[in-house]
1. Working from the pairwise distances between different alpha carbons, so that the mean of 1/r is found and then inverted, what is the stretch A:38-169's Kirkwood radius in Å?
2. Can you tell me how the protein assembly as shown classifies by the Cα gyration tensor, rounded, prolate or oblate, using a/c under 1.5 as the rounded cut?
3. Which order do B:E254, A:E169 take when ranked by solvent-accessible area (1.4 Å probe, heavy atoms of all protein chains), largest first?
4. Determine how large the accessible area of B:D177 is when every protein chain is in place; take a 1.4 Å probe and give Å² rounded to the nearest 10.
5. Leaving ligands, DNA and RNA out of it, report the carbon-plus-sulfur percent of the accessible area of the protein assembly as shown at a 1.4 Å probe.
6. To the nearest 10 square angstrom, what accessible area does A:F284 show with a 1.4 Å probe?
7. Name the helices (complete DSSP H segments) of chain B with a Cα length along the long axis of 18 Å or more and a Kyte-Doolittle mean of at least -1.0, or state none.
8. For B:T166, B:T116, A:T80, A:T317, give me the order by solvent-accessible area with a 1.4 Å probe, most accessible first, ignoring ligands, DNA and RNA.
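The values are calculated or read from the model by the stated rules, or taken from the named source; none is laboratory data. Being a predicted model, the structure only gives us computed values, none of them experimental. For neighbour counting, all protein chains shown are included, and Cβ atoms are generated from backbone atoms with ideal geometry for every residue, glycine included. Only protein heavy atoms, including side chains, enter the accessible area calculation; ligands, DNA and RNA are left aside. Shrake-Rupley method; radii C 1.70, N 1.55, O 1.52, S 1.80 Å.
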Amino acid sequence: MLYREAGQFKSSYAEDQALFPIRQDRYGMLVLLAIAFVGVPLFASDYWLTAILVPFLVFSLAALGLNILTGYAGQLSLGTAAFMAVGAFAAYNFELRVPGLPVLVSFVLAGLVAALVGIAFGLPSLRIRGFYLAVATLAAQFFIPWLLVKVSWFSNYSASGVITTQPIEILGFVFDSPTRKYLLVLAIVCVLALAAKNLVRSSIGRAWMAVRDMDVAAEVIGIRIVRAKLIAFAVSSFYCGIAGALYAYAYLGSVEPDGFNLDLSFRILFMIIIGGVGSILGSFLGAAFITVLPIFLDVLLTDGAHLFNLSLPAGVTSMAQLVVFGGLIIFFLIVEPHGLARLWQIAKEKLRLWPFPH
Amino acid sequence: MTFFFEVLIGGLLAGVMYSLVALGFVLIYKASGVFNFAQGAMVFFAALTFVGVQEQFGLSFWPAFAVALGAMVLLGVLTEKIVLRPLVNQPQITLFMVTIGLAFFIEGLAQLVWGTNVYPLNLGIRDEPIEAILENFDMVISRFDLVAALVAGVLVAVLAVFFQVTKIGRALRAVADDHQAALSVGIPLKTIWAIVWSVAGFVALVAGLMWGARNGVQFALTFVALKALPVLILGGFASVLGAVVGGLIIGALEKLAAVYIDPPIRGGIESWFAYVAALLFLLVRPEGLFGERRIDRV
């Protein structure tokens, strides 16, 4: 009743190709943005902003990047965290070595550096496919953090390879409080998400999907596979690079190369699988799920233990978390292998008929 | 020159240890097309169960081995029943992800049951140079490495016989070849998968014992799986022989690189060297040494 497109006629191609063709979606999106930009900063506590919302947004961006590569172009990558590391360290070095460079510019430059590195490590994808490629991307995952530690120039000769990011300042305005950092990250993520949404329905996006579905067939109908794959690697790494820069600048403040480890790569891979492979919305849903789940489990297990007057040793709680986390991943994949985005789609189908199904 | 050969042989023997882990991957990939990331966790679980049973109940080697094997078989059967069966016909990436979830689950479970301590594991083989070789050839070859190589050799031989001669083995090969065709001649796919996971559990147990005896049974055992991945892509995912030969090559290259390349750039290349070596090799042969060449049809 509420969610129905009946009566919404389209009289031009532009209307037909709008991002959100249905009015309810458009208004829903506006409400969501209004809540995110106005409501959240007004009401959310600092804990929520710094510990949940900012990492959620940063991880969404990284998941978006990985989703472009894996979900749309079909190239499985396990090196996401390494590209984030490139972004973080590139942004740090641009800020450090180029005096007066606006921070947003250095973010973009960091993304571009990550894109170049992504292309370099994407070259094997021209010959290697599937899991062979996935393992090959592990080379990036192990090589890049090693290089960042080894060449201490990257961390400005700090002893342990830890970098502490410079304050974020745009046109004299310093983004130092949690709310300001949140708003900055939110704005960047919104712009990049919009770009991604448009990118995947452009000609290159369609080329990616053709390559993903069957590369030989794509080649036969005249898609340049080399170009499509390398662009996918570049764009994906660009997103991951910016996510890495934000991870360092807006979330943690100081990072070390070893922080960008395989675990982080897997976490981001989990996000897109749980959220939905090949879906922009799915990247966000998955990021939300994986960011909130450990916190939720932590609270649940600690409180649950208090409730039953058990005093769990610290080790047990973290192990139980591991078990529940693994179990939930398995459960979710069995129940809905296509991810949360697919659930949302089903919900929309149902809503369309509600409350009078056929 | 003696030194070179000493390093080379040491590397080959270390490579055998990688092969042990890689074998488990290959078995499952061959039979069900699942890239089982949980193999490392299974190695850890098997070794920990073995040591845990020994510590808690004071069992000697063979009873503890039997209990651990029983646990691995149970794990394999349950995995097939609960995790894999509902996911038949899903894309490979989904199956891969589910095994990562499984890895978390097994790692957590193993430590919940047996605790997070580092257990020493003593198989009664001393990790010391063999004197005869030291005297005659002036090379340091560890007795333990040699035994490990022997165990791996026996294991591969047993698996080969199992696959070639027994009825179950033939069914396994048929399933590996073509699921549909195997089903249509009446091979029960579910049973076969349960068996394969159990056999992989057995391989994990052997690998876990060898690695555990070398490094102690601890959480770091799960990272052994990461060491086996370059071996896999080098040898080809679906080839038992590839796992062995790949392991030898990677082991040898890694040791040689550690001796000849590492010192000039001062360190730490073992974390990625095997991957880069395998990657460079893949550029020449994208399907690995013994992988099946893919023929693309539209």
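1. One over the average 1/r among Cα pairs gives 16.5 Å for the stretch A:38-169.
2. It comes out prolate by the Cα gyration axes.
3. A:E169, B:E254
4. In the full protein context, B:D177 sits at about 130 Å².
5. 67 percent
6. Probe radius 1.4 Å; accessible area of A:F284 about 50 Å².
7. Span-like helices, by this rule, are B:2-32, B:39-57, B:61-78, B:92-114, B:143-165, B:189-215, B:240-260.
8. From most exposed to least exposed: B:T116, B:T166, A:T317, A:T80.
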